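Quick note: the coordinates plus some simple rules give every number you see, no bench work behind them. Worth saying up front: this structure is predicted, and the values here are computed from it rather than measured. Positions of Cβ are backbone-derived with ideal geometry, glycine not excepted, and every protein chain shown enters the neighbour counts.
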Amino acid sequence: MRKSTSSRSVIDTFAWVEYLLGSRVGTKVKEYIETSGAFTPSVALLELCKWYIREIDEHRQTERAMELGLSYVEAATEIVPLDANLARRAGEIDFLMKKRIRGWPLADSIIYATARSRSASVVTADPHFRGLDDVIFLGPT
């Protein structure tokens, strides 16, 4: 886990899924949601919706669970929309990260740009973020 001086957190999709599943990593995520100025990028909300729909389709979640889960995300954190400035920052990050990290997704660029724009750290267990500055990595090392 990289140390960060920020007490503000951007909760990424991977961290939210772990939290919603109640996993060991999810219990660590809870601390960041409840004790800091927490943000969720709108792209993470999109990805969570997609995750829930897949889980519903495979009979592992219900529509009620999706409504409750997404409502909680919106109530517990500030949703950060993708505006023009954030899109430009994410574009720059995406170009650079794709040169450095194999399989780096565009959504991760938006998440990382969101954290930078809010002087926050990304809270995640997504291996794409391992070793990056201003990332609180909760996954296996």
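Some points to look at:
- Where N is the number of residues in the stretch 35-104, Cα Rg divided by 2.2 N^0.38 Å: 1.37
- Spacing of the modelled spin labels on Thr27 and Leu68, each 7 Å from Cα toward Cβ, amounts to 2.0 nm.
- Rounded to 5, percent antiparallel among DSSP beta bridges of the chain: 0
- Computed over the chain, the quotient of the alpha carbon radius of gyration and 2.2 N^0.38 Å is 1.00.
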